[in-house]
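Inspection log for the structure reproduced underneath, given as structure tokens.
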Amino acid sequence: MALSLDNANYQFIKMTAGAIVTLGIYTVLYKETKIYRFLEHMFLGLAAGLSLTLLWTQTLHDLWWGRMVGKTADKPGEWSQNGAWAWVLLLPLAGMAYTIFSRKHNWMSRVPIGILIGITAGQAIQNWFNQYGPQVENSIKPVIPTDWSRMTVPSKSGLTPEAIATIDNNLYLSQAINNLIFLATLLCVLSYFIFCTDFKTKFMTRMSSTGRLVLMVGFGAIFGTTIMTRFGLLIDRMYFVWIEWLMESLPRMVRGG
Amino acid sequence: MQYYDTGYLQFVFVVVLVFFLIFNIVRARKGKSLFIRRIAGLNAIDEAVGRSTEMGRPVLMVPGLSNLGPVGIQAVNIFSYITRKAAKFGTPIKMCLADAALFSVAQEIIRDVYQSEGVPDQFDPTSVRFISDRQFAFAAGVVGIILREKVAACFLMGDWYAESLILAESANEIGAIQVAASTITTQTPFLIAACDYVLIGDEFYAASAYLSREPVLVGSLVGQDWSKLLIAAIIIVLTVQTSIEKAFIPQTYQESQEGAGKVWTTKQIPPHLKKKAELFERRLFYPHDPEALNPKRQKLKLDPWDKDDSGG
Amino acid sequence: MNLLAQLAPPNTFWTAHNGSTLLWVEIIVAFLLGCGVVFGLAYIPKELRKPIIVTATFLGGFYFVLQYMWPQAQDYTKTEVPRNSVESVSFWLQSSLPTVTNFNQVLTGLLLGLGIASLLRVHIGRVVKKHQDWPYSLTLVISMVVMTVFGYWDWYSKLGPGAEKATLANPQIFPNFGWNFLFEGLFINLDAVMYSMIAFFIFSAAYRSFRLRSAEATVLLGTAVLVMLSLMGGVLVGWDRVVDALGGSGHGAVATFMGNFRLGNIKDWVQNYVQSPSIRAIEFGLAIGLLAMSLRLWLGIEKGING
Amino acid sequence: MDDQMDKPKKSLGEKLQSVSRNALYLTLFGVVSISLVLSHWMGIQVPSQPQDCTKDAYKILRNIPEGQTMVIDTGTTNASRGESGCQMEATLRMMMREKVKFVLYTWVEPQCVEVAKSMIAKINVERRTAKPPQPEYREWDDYVILGFFPDGGTMLQTVASNIREAWGAKKEKDTAGNERGVFESPVLQNVRRVEDLKAYVPISPTNLMPTIVSRVGRKVPVISMCAGVMFPEQYNYYKSGQLKGLLNGLLGAVELESLMDKGIDADGVVGGKAAGAPLAASFPGQKNMARASDYYFAFCCAMALLLVTILVGNVGMMLERRGAR
């Protein structure tokens, strides 16, 4: 049958479903309604089904089954990959995890779990410096100006590349001050996260309270930037319901075509 | 690979940190009592549990999307403490998880808690639940539970992403006391806006030590402080050094790699202001800069933001 | 060791040609042996349990720690031959990495059943007990089954070279349309809706919490509003016009100075010199906490899980 | 939640401070819906002032010579259509008008490719119905879709060293309908090294930068189109020159569209009329202001509403305090 997936009627059915679930889910904003409860459970069911599907189609089929039984060559003259029987040992190993449902042998579940924990912990230790070392390096900024002739960075418009390069390499007073602020902020916040010494000196208490204040600045900025994304998505959803579905696609269907 | 790339610095650095941690753990085990500063959010736990006991409504605990790893387990440890409190008063609990492996761990730990409190029959296996490993399906499910069960206290601790606010606000709507902690910094502001108490950043890891006063934990907490001080010290010292170097010590030679053996050779050049790549701290962290000289290393160049957390 | 560094053909002790009886025999035997070991474990004395768990954990982590500590070649290729023992170890570490990560993924994947089991336990329980919400639980179970069936059916119908394009050109009503409707029509939309709902919550959260109560709240509010304003075209344009008017035209000192007060620049300044260092400091704290936690877990001195 | 029950009489201050959730939600819902419909009907345009990072992006994209090839690395799903979708559509429109060929693939989620395909189809319809009608953009001749790469990191690594090896295995139906390797297509036949690509444009809500920049960043101009959430992080890459251009979520998309409408003149002024060849010309007389601009009015309204509500809350608090004194 030649009905294709982007057939107009089918698309409309899909969009309608989309519109219905959208408004249905939004009812929870008023109160926890039966519609929401229904959609919620459907959603959970679909999600579980999806996970089960992807588990095989995207993980186990290639990464486990494929390696265990090997592959035949797609093209002639191409090496086929041998099967490695040892992969089957993962079954009993994973099986041990399922003992948590038994009262007597549940301790065994901790063996595979333990291995996994070990791996994640090991990876964390391994990646640690790669992740944070560069941030440490990046926080080291010179604070002594190299060019006192002027306060701010001169504008670079219409200068030779060499001139621009020198300007970039120079450190002007304003930049130095900024770097100093950067350093101060960093240290203040860091001092707020010292737990095991109660600060006797006024200076340190000041510092950590400033730290907390500065943190709030950072959080405020994050709040602001995130709002755009969130509102963008809401607007898009509304656009889908009101414009695309109600104003464009519904009339088209009614007119029949 | 890194080893080769950043010289011995990272090796030494991490080893020192590890030493700090272990040294202090040993010290604490020897029974040296150590101070921990007050953490407001954690003192609120008793209040929250007490309140839900009065109202006879369940306590909800959610470790966000944390999977089986340090963060998830830390969260479950904190929850086990809360559960102990709840078990004392016979307050019902609910725990919702988004990771099957972590779910099994939680199941185990919570069961142990009830056993050690001597009320194994109080433990309801369905109180610790796997909801879904899909972010928003999970959110939808937990919101449903929050609104239906009318939880009185809500603990959101662990890896939180966009779904954090959905839960926090729904819980706030039914007037639950909320204590939250996110290891994903971009989510903290929303938790601050919606919850009563928020553990910021590191306080999340300090929590278990703070609550249980376990020597091992307290010791390693002290170790963590030392490590932070070390980082601060490194930054300060190197900043001073770099500033001086940048301002007063011109670059007078140029390095390059030549020959089959890739020998480093240096040649004299007219002195100029040091470029970033020529500064000591840069050479310390990236021994094989300047990149221009050896493209081979470029692909391995460490990146300040080399981790993939989609804040969305 | 070769088990980890998986070899390509010809046959070795660890591998056999796919489809061959030998392979199947090996697989079955290995499986039975594995199960045997597991059953054996079930009856070992209590005091051996903890050591076993701790060792398992330690070994799991040890591989990566070793990989971290061991000197390793800059650009290793599978064809290279080690010159000495150090190199052979490092080569083995590198060549086996994919296998270990793969092992990790598969094992984690196989645990998904635990979650599903818990889910079904709760909801089938409700259906059986005729709990007040049982119809909803039934919905959950049904939609899960349907999704799974169609998922596999659709996947199967697209197996084999070229089959994918063929089915897309001429989809079969049940597998392909069914799956497409369930996934794109329902699941994706539900996902998008939940995501978009955050906007409402941000809205009310901002209303309640953004009050000039304390210094902290004020600062939070101030920065947030500043950034929000910089996102609103009209305001941005207006503000900057005023600033430019004050600064006068051209690249003069005043202009460059006033230029700093363009809304965008203020925002950038806050983000670069206040936000990023403060966030970075938090990150350092978290990082060290993570390191400590990982260490405790790896060495098995973490109470909750290891003991 | 509103506590009318236990407090029958409330001062104005208290009222202003305890507006019920449902009222808030309803207002937001209403404002967004209405402003959307309005802006869709009347085509209301909010002025926007492109930031430098957007301008740079536009300059590069606008000046890719005709017939050259670029990469679109999409992570856009239906859930993120509000931001990435807008950026995607604008970019596609632009590329098609410049007759720049492009390669499209994803390593975020397989479904992203489908989303992109439907967008291309939509824009093709636009081009057909435009007056004067423009030729449709055809797969294989004008663009190729490589589909989904499970391991983007490794793929990009190979791309950096040997692009033909990285993508060589991929097949496409040519216009005659028979399967051929993508490198035989008009799009890729002249691409021998990664440097032959004129631009690499990731359009994704998730943060792909660490992977991309560290691998191909120094060989191709990378122009990131990110979600607002990611902007602060990615801005660092832009400042350090690792990104040649950067779009800030919805706002970035709006700015891009307005640049397509106004262009950048020789002095680098947006919509300026300075003599000499413009740095980046506009597309006069074409549908430049599209989805993003449609959304932007609604967005500004929502933001305004938010600011007002915050204000109301604070005024309420002030009043109450005054009352208390």
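Every number here is computed from the coordinates shown, using simple stated rules; none is lab data. All values derive from a computational prediction rather than experimental measurement. Every residue, glycine among them, receives a Cβ derived from its backbone with ideal geometry; neighbour counts consider all protein chains shown.
Only helices enter this figure: runs of n ≥ 4 DSSP H residues, each worth -39500 (n - 2.57), summed and divided by the residues of chain A, yield -19500 deg cm²/dmol at 222 nm to the nearest 500.
Along the axis of the charge dipole computed for the range D:1-112 (Cβ charges of +1 for Lys and Arg, -1 for Asp and Glu, origin at the Cα centre), the listed residues D:91, D:26, D:39 are led at the positive end by D:39.
How large is the charge dipole for the range C:116-205, taken about the Cα centre, if only the Cβ atoms of Lys, Arg (+1) and Asp, Glu (-1) carry charge, to the nearest 20 debye? Numbers along the way, then the final one.
Values: 6 positive and 5 negative charges, 77 e Å.
For the range C:116-205, the charge dipole is close to 360 debye.
When B:96, C:35, D:112, D:86 are sorted by how many other C-beta atoms sit within 10 angstrom of their C-beta, beginning with the fewest, the order is C:35, B:96, D:112, D:86.
Remark: relative contact order (the range D:264-325) = 18 percent; criterion is Cα-Cα distance under 8 angstrom and separation of 6 or more residues.
A simple spin-label model places pseudo-atoms 7 Å from Cα toward Cβ; at residue C:21 and residue D:11 they are separated by 9.4 nm.
Any chance you could run the full-extension gain for residue C:237 through residue C:138? It's 0.36 nm times the residue separation minus the Cα-Cα distance, nm to one decimal. Mind showing how you got there, number by number?
On the way: separation 99, 0.36 × 99 = 35.64 nm, distance 5.57 nm.
Between residue C:237 and residue C:138, full extension yields an extra 30.1 nm.
Largest GNM mean-square fluctuation among B:239, B:91, B:188, using chain B with Cα springs under 10 Å: B:239.
Would you mind counting up the charge near residue D:265? Only other residues with Cβ under 15 Å from its Cβ, with Lys and Arg at +1 and Asp and Glu at -1. List each step's numbers first, then the result.
Details: positive: D:55, D:59, D:62, D:262, D:273; negative: D:261, D:267.
So the surrounding residues net to +3.
Of the residues B:169, B:281, B:255, the one that moves most in a GNM of chain B with alpha-carbon contacts below 10 Å is B:255. Relative to the longest principal axis of the Cα atoms of chain D, the long axis of helix D:111-129 lies at roughly 80 degrees. Taking chymotrypsin sites (Phe, Trp or Tyr not before Pro) as exposed when DSSP calls them loop and at most 13 other C-beta atoms lie within 10 angstrom, chain A has its longest site-free stretch at A:149-257. Once the Cα atoms are used to define both axes, helix B:100-116 deviates from the longest principal axis of chain B by about 50 degrees. Of all complete DSSP H helices in chain C, those with a Cα span along the helix axis of 15 Å or greater and a mean Kyte-Doolittle hydropathy of 1.0 or more are C:21-42, C:112-129, C:215-231, C:276-299. Electrostatic tally near residue D:251: other residues with Cβ closer than 15 Å to its Cβ, Lys and Arg +1, Asp and Glu -1, net -4. Direction-averaged projected area, Cα convex hull, the range B:80-176: 5.9 nm², rounded to one decimal.
What is the range B:37-213's relative contact order, in percent, from Cα pairs under 8 angstrom and six or more apart in sequence?
Numbers: 328 pairs, mean separation 47.8, N = 177.
With pairs under 8 Å counted, the relative contact order is 27 percent.
Rounded to the nearest whole Hz, the Karplus-based 3J(HN,Hα) values (6.51 cos²θ - 1.76 cosθ + 1.60, θ = phi - 60°) of the range A:27-33 follow the sequence 4, 5, 5, 7, 7, 6, 8, with x at glycine and proline.
Summarising the amide proton neighbourhood of residue D:70: residues at separation of 5 or more, or on other chains, whose placed amide H is nearer than 5 Å comprise D:101, D:102, D:103, D:198. For the range C:214-306, the gyration tensor built on C-alpha atoms gives a prolate shape. Its axis ratio a/c (a ≥ b ≥ c) is at least 1.5, and a/b is the larger of a/b and b/c. At a Förster radius of 22 Å, what calculated FRET efficiency corresponds to the Cβ-Cβ distance of residue B:32 and residue C:50, to the nearest 0.05? In this case the efficiency is close to 0.25.
Work from the charge dipole of the protein assembly as shown (Cβ charges, +1 for Lys and Arg, -1 for Asp and Glu, about the Cα centre) and give the residue of B:73, C:59, A:111 farthest towards its positive end. Going by the charge dipole, the pick is B:73.
Please give the residues of the range C:179-219, grouped as numeric ranges, whose backbone N is less than 14 Å from a label point set 7 Å along the Cα-to-Cβ vector of residue A:13. Residues passing the 14 Å test: C:179-186.
For the range D:48-288, the Cα gyration tensor yields ellipsoid semi-axes of 26, 22, 17 Å (square root of five times each eigenvalue, largest first, whole Å). Stokes-Einstein, applied to the Kirkwood radius of chain C over Cα pairs at a viscosity of 1.567 mPa s and 4 °C, places its translational diffusion at 46 µm² s⁻¹. As a calculated quantity, the FRET efficiency between residue D:121 and residue D:66 at R0 = 22 Å, using C-beta atoms, amounts to about 0.45. Using just its DSSP H runs of length 4 or more, each adding -39500 (n - 2.57), chain D gives a mean residue ellipticity at 222 nm of -15000 deg cm²/dmol after division by all residues. Among A:14, B:32, B:228, the order by Cβ neighbours within 10 angstrom, fewest to most, reads B:32, A:14, B:228.
Computed from backbone phi with θ = phi - 60° and the Karplus coefficients 6.51, -1.76 and 1.60, the 3J(HN,Hα) list for the range A:114-128 is x, 4, 4, 4, x, 4, 4, 4, x, 4, 4, 4, 5, 7, 3 Hz; x is used for glycine and proline.
With the Cα gyration tensor of the range C:116-205 giving a ≥ b ≥ c as the square roots of its eigenvalues, does the rule (a/c under 1.5 for rounded; else a/b larger than b/c for prolate; else oblate) give rounded, prolate or oblate? Judged from the Cα gyration tensor, the range C:116-205 comes out oblate (a/c at least 1.5, b/c at or above a/b). Amide H contacts of residue D:147: D:106, each under 5 Å away and 5 or more positions distant or on a separate chain (H built 1.01 Å from N in the peptide plane; Pro and chain starts excluded). Put +1 on the Cβ of each Lys and Arg and -1 on the Cβ of each Asp and Glu in the protein assembly as shown; which of B:132, A:27, B:153 then has its Cα farthest toward the positive end of the dipole? Toward the positive end, the furthest listed residue is B:153. Phi angles of the range A:197-214 translate, via the Karplus equation with coefficients 6.51, -1.76, 1.60 and θ = phi - 60°, into HN-Hα couplings of 10, 7, 5, 7, 6, 4, 4, 5, 4, 3, 4, 6, 5, 4, x, 5, 4, 5 Hz per residue; Gly and Pro are given as x. Among B:13, B:79, B:204, the residue with the largest mean-square fluctuation in a Gaussian network model of chain B, with springs joining Cα atoms closer than 10 Å, is B:13.
To the nearest 20 debye, what is the magnitude of the charge dipole of the range D:1-159 about its Cα centre, counting +1 on the Cβ of each Lys and Arg and -1 on the Cβ of each Asp and Glu?
Working: 19 positive and 19 negative charges, 130 e Å.
Dipole size: approximately 620 debye.
Dividing the mean sequence gap of close Cα pairs (under 8 Å, 6+ apart) by how many residues chain A holds gives a relative contact order of 13 percent.
Among DSSP beta bridges lying fully in the protein assembly as shown, give the percent that are antiparallel, nearest 5. That works out to approximately 25 percent antiparallel.
Taking a ≥ b ≥ c as the square roots of the eigenvalues of the Cα gyration tensor, the protein assembly as shown is classed as rounded, since a/c falls below 1.5. Given only helices, namely DSSP H runs of n ≥ 4 each adding -39500 (n - 2.57), what is the per-residue ellipticity at 222 nm of chain C, to the nearest 500 deg cm²/dmol? Helices in chain C give a 222 nm mean residue ellipticity of -23000 deg cm²/dmol. At a Cα cut-off below 26 Å, give the lysines reachable from residue B:267, other chains included and same-chain residues fewer than 8 away excluded. Correct list for residue B:267: B:246, B:275, B:276, B:296, B:301. Between residue B:89 and residue D:178, the FRET efficiency from the beta-carbon distance, with R0 = 60 Å, is close to 0.20. About the centre of its Cα atoms, the protein assembly as shown shows a dipole size close to 1780 debye [charges on the beta carbon of Lys, Arg (+1) and Asp, Glu (-1) only; nearest 20 debye].
Please give the net charge around residue A:83, taking every other residue with its beta carbon less than 14 angstrom from that of residue A:83, where Lys and Arg add +1 and Asp and Glu add -1.
Numbers: positive: A:67, A:71; negative: A:62, C:26.
Result for the neighbourhood of residue A:83: 0.
Computed with the Debye formula from one identical point scatterer per Cα of chain A, without solvent, the log10 of I(q)/I(0) at q = 0.10 Å⁻¹ comes to -1.13.
In loop segments of the range D:65-162 as defined by DSSP, the GluC sites (Glu not before Pro) with at most 13 further C-beta atoms inside 10 Å of their C-beta are D:66. Can you tell me the orientation of helix B:9-29 relative to chain B, as the angle in degrees between its alpha-carbon axis and the longest Cα principal axis, to the nearest 10? Its long axis makes an angle of about 40 degrees.
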